[in-house]
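Below: one structure, written as structure tokens.
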There are 2 protein chains.
Amino acid sequence: MSSAVSPLAPKSYPELPEVGGVRFATAQAGIKYAGRTDVLMMLFDAGADVAGVFTRSRCPSAAVDWCRDSLKGGRARALLVNSGNANAFTGRKGKEATELSARLAAAAAGCAPGEVFLASTGVIGEPLPAERFSGVVDRLAGAATAGSWQEAARAIMTTDTYPKAVSRRVKVGDTDVVLNGIAKGAGMIAPDMATMLSFLVTDAAISAPALQALLSGTVGDTFNAITIDGDTSTSDTVLLFATGAAGGARIESADDPRLADFKVALGDLMRELAQMIVKDGEGARKFVEITVTGAESDASARRIGFSIANSPLVKTAVAGEDANWGRIVMAVGKAGEPADRDRLAIWFGDVRVAVDGERDADYSEAAASAVMREEFIPVRVDLGLGEGRSTVWTCDLTKEYVAINGDYRS
Amino acid sequence: MSSAVSPLAPKSYPELPEVGGVRFATAQAGIKYAGRTDVLMMLFDAGADVAGVFTRSRCPSAAVDWCRDSLKGGRARALLVNSGNANAFTGRKGKEATELSARLAAAAAGCAPGEVFLASTGVIGEPLPAERFSGVVDRLAGAATAGSWQEAARAIMTTDTYPKAVSRRVKVGDTDVVLNGIAKGAGMIAPDMATMLSFLVTDAAISAPALQALLSGTVGDTFNAITIDGDTSTSDTVLLFATGAAGGARIESADDPRLADFKVALGDLMRELAQMIVKDGEGARKFVEITVTGAESDASARRIGFSIANSPLVKTAVAGEDANWGRIVMAVGKAGEPADRDRLAIWFGDVRVAVDGERDADYSEAAASAVMREEFIPVRVDLGLGEGRSTVWTCDLTKEYVAINGDYRS
């Protein structure tokens, strides 16, 4: 773990408002880390509707398997998260560890194990010593309060250098509701979720199927539009809980017009959390927004965007503050998507560096270099073929990334 | 350019035997580099049959476009290669530069421009000053001899730290023939050829269609089975020339049984050159062979192999000498190919670290770590599903890679 906080971190960490219907606490269970919290337990005493999206890895963690099962009930009473051990690729022992974790949490929360949701993040392949939760979960259930969301965000960190917690206030129909979210990264971030965990809680009254439709419809342009290293984790989990404590009529459909503002707020909050994850990418010094326009379709634009965002040569050029648009061309070319070299145009910020398949005659290297020296680097590629467009976010690839990941497990 | 030679370089650079029917020379044209050769010209005075494979980039270089055209004739009289400038994404100027280069080379060689083959490697997006070839090509044509293949290999280097030249002697029917090859890397190496150039010359008498079939059939398990950073260049070119100077009956079909030994030698030579490119990967300190077995098909095994080989987390773990098989699991999972977590087995060298979806109970961390300290690291993954298998080669991802590529253009 790197001790220095990312230069792209927020300047302050304001505490979030309380969300009715949820209380939580954190603890030091000593799963792997010493001297810091590594367990978060959330309790929904009156229950909450719940929706989830998970990694598409063919080798998902035992906790992901567990959540997929629990989600069938659509109802949550407790969430137990640990950092330091992903409980992934742990075979029969991993499954047993989830069963024991859920049984302990359920006993502490006074609910059925199927109403418990689990997430684990950290090293892959080491059996999770779930017996350490014994006692810990009872103390957590006793101590849980409306609590500090920043503390909750801290307890789930692995190589993250700062906690990620965001809030929105919005109306659902005539009811004022709160939506809070926390997330953690920071490596293995790519579409399909990576080692990304995020937990979102609202006091709005929204049914599980409606929540699921909202979440599934929002993840594509938020958490699935970021990449740090193109690697996809075994453990990615986003859970959205609705306690209904704010009152008001329960919304049963994602198409209900009373959800209009909530949808916007949810997209907004998830995008902000997703971008916070990128800004805390391992070793990141630059935040890069890649917008592809003029593609044959949005899906094609997305694939070209990720081909650029995942290119080590593009990412090292950004790290070197080098306006190396030739590598952008390379990444467009290798995407395997429709592209016409002689229609391509490329911008760094407002500086158009290439047009009609060659260097822009008016392009100023000094102006392009000035863009590259900023922390936020917008890159735009226009293919000149159609109306398809997509935006994805990534960070640069630095020596620190190599240092962090070359000496992570030991 | 890095000045230190890769620790994975060969211990010596023996001169290659002459190949009848080709002569060549190198020069300093000052395209980009100072104080080193940057142009290679080969002349086939009596002509040669020729075959080629190229990048699948949608944004190929002007030289690749030119070669694809020339290849329709199947006959070569000259090859002109420059390093320092890729003449890629240079629009109309790029096309004009290839036309001028070919015209100058053709005049010097006394042939038609359509019998000239071109390759350019280096920076993308800068117009190639082809007028600098004027005079240079005439001197080259005058000075060309049966020559030094090591010198030829040096003239085409970009970020390569050592020249790559390999030779085989073999019989075609009753005729003794020689097959020599040179190649260059070193970044942007991935399937579909990357910034890879390779030129192979034999004095065997083999028709262009037969050569093309041989080359296309061999590239998959050799040059297209390597990756350094997953990036694919605009310029990858492999050309195979047959002068026929060794005499003997001209072979018209790749299925001719007299080619049996030649086929093996060609595969062998191309594999050795491909591995030399990986061993000179930018910043590489480890050479990694990834073998995937038990997949549903060879193609599926190949995709899983590349998912592992291109994973920054796997590659940084190798750099850190960390037997982090959890990241191998992650890379298998993200490949999107059929895989069953609970049948997966993983080896580093002979050390089985995981079996049946969990850590091998008998696995010795010390033994696995000893494997990781070697320069050559064989990784094997068995999926337990079918008979599909594939082997790919890559290198580690080091801080030096970031340093080299973060400050390449400037």
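Structure values in brief
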{"read-out": "Shape of the range A:287-406, Cα gyration tensor, a/c cut at 1.5", "value": "oblate"}
{"read-out": "Environment charge of B:Ala109, counting only residues whose C-beta is closer than 12 Å and scoring Lys/Arg +1, Asp/Glu -1", "value": "0"}
{"read-out": "Distance (nanometres) between label positions extended 7 Å along Cα→Cβ at A:Glu252 and B:Asp255", "value": "6.8"}
{"read-out": "GluC sites (Glu not before Pro) lying in DSSP loop within the range B:332-402, provided at most 13 other Cβ fall within 10 Å", "value": "B:Glu374, B:Glu375, B:Glu387"}
{"read-out": "B:Glu252, B:Glu18 arranged by Cβ crowding within 10 Å, fewest neighbours leading", "value": "B:Glu252, B:Glu18"}
{"read-out": "Of B:Lys171/B:Lys286; A:Lys164/B:Lys334; B:Lys93/B:Lys279, those spanning more than 30 Å from alpha-carbon to alpha-carbon", "value": "B:Lys171/B:Lys286; B:Lys93/B:Lys279"}
{"read-out": "Chain A - Rg and Dmax from Cα coordinates, angstrom", "value": "21.8, 70"}
{"read-out": "A:Asp350 paired with A:Asp176, simple spin-label distance in nm, labels 7 Å along Cα-to-beta-carbon", "value": "4.0"}
{"read-out": "Relative contact order of chain B, defined on C-alpha pairs under 8 angstrom at six or more residues apart (%)", "value": "17"}
{"read-out": "Between the range B:80-114 and the range B:31-76, the alpha-carbon center distance in angstrom", "value": "9"}
{"read-out": "³J(HN,Hα) computed for each position of the range B:159-167 - Karplus, 6.51 cos²θ - 1.76 cosθ + 1.60, integer Hz, glycine/proline x", "value": "8, 4, 9, 7, x, 10, 9, 9, 9"}
{"read-out": "For residues of A:393-403, the mean tally of beta carbons on other chains within 10 Å", "value": "4"}
{"read-out": "Cα-Cα pairs of the range B:1-74 separated by more than 20 Å (percent)", "value": "61"}
{"read-out": "Options B:Ala63, B:Ala97, B:Thr227, ranked by Cα towards positive dipole end of chain B, top entry (Cβ charges)", "value": "B:Ala97"}
{"read-out": "Cα gyration tensor, the range A:351-401 - rounded (a/c under 1.5), prolate or oblate", "value": "oblate"}
{"read-out": "For A:Pro10, inter-copy label distances in nm, listed shortest first [label point 7 Å out on the Cα-Cβ vector]", "value": "5.9"}
{"read-out": "Axis-nearest residue in chain B [Cβ, rotation onto A], distance in whole Å", "value": "B:Lys399, 2"}
{"read-out": "Extended-chain gain in nm, criterion 0.36 nm per residue less alpha-carbon gap, B:Asp340 and B:Ser297", "value": "14.0 nm"}
{"read-out": "Normalised convex hull volume, the protein assembly as shown, alpha-carbon set, Å³ per residue", "value": "151"}
{"read-out": "Separation in nanometres of the label points that stand 7 Å from Cα toward Cβ, at A:Glu131 and B:Gln28", "value": "7.3"}
{"read-out": "Charge dipole (debye, nearest 20) of the protein assembly as shown; +1 at Cβ of Lys and Arg, -1 at Cβ of Asp and Glu", "value": "360"}
{"read-out": "Relative exposure of B:Ser364, B:Ser167, judged by other C-beta atoms within 10 Å (fewest first)", "value": "B:Ser364, B:Ser167"}
{"read-out": "Inter-chain shielding of B:89-100 (mean C-beta neighbours from other protein chains, 10 Å cut-off)", "value": "3"}
{"read-out": "Cα-centre dipole for the range A:287-406 with unit charges at Cβ (Lys and Arg positive, Asp and Glu negative), debye to 20", "value": "400"}
{"read-out": "The range B:8-156: relative contact order as a whole-number percent, Cα under 8 Å and 6+ apart", "value": "33"}
{"read-out": "Per-residue [θ]222 nm for the protein assembly as shown (sum of -39500 (n - 2.57) over DSSP H runs n ≥ 4, rounded to 500)", "value": "-9000 deg cm²/dmol"}
{"read-out": "Dipole magnitude of chain A, debye to nearest 20 (Cβ charges: Lys/Arg +1, Asp/Glu -1, about Cα centre)", "value": "1040"}
{"read-out": "Net charge, A:Val39 excluded, C-beta distance under 11 Å - Lys, Arg +1, Asp, Glu -1", "value": "+2"}
{"read-out": "Charge tally in the Cβ shell below 10 Å around B:Asp382, where Lys, Arg are +1 and Asp, Glu are -1, B:Asp382 excluded", "value": "+4"}
{"read-out": "Sequence-separation-based contact order of the range B:287-406, relative, with Cα cut under 8 Å and 6+ spacing, percent", "value": "46"}
{"read-out": "Rg over Rh [alpha-carbon atoms, Kirkwood Rh] for the range B:206-362", "value": "1.07"}
{"read-out": "For B:Asp362, inter-copy label distances in nm, listed shortest first [label point 7 Å out on the Cα-Cβ vector]", "value": "7.2"}
{"read-out": "Dipole of chain B, positive end: most advanced residue of B:Ser83, B:Gly406, B:Ala249 [Cβ charges, Cα centre]", "value": "B:Ser83"}
{"read-out": "For A:Asp268, inter-copy label distances in nm, listed shortest first [label point 7 Å out on the Cα-Cβ vector]", "value": "6.9"}
{"read-out": "Segment A:Lys72-A:Ala370, extension gain: residue separation times 0.36 nm, minus the distance between their alpha carbons", "value": "102.1 nm"}
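All of the numbers you see were taken from the coordinates with simple rules; none came from a lab. Bear in mind that the values here come from a model prediction, so they are computed numbers and not experimental data. Ideal geometry is used to build each Cβ from the backbone, glycine not excepted, and the neighbour counts take in all protein chains shown.
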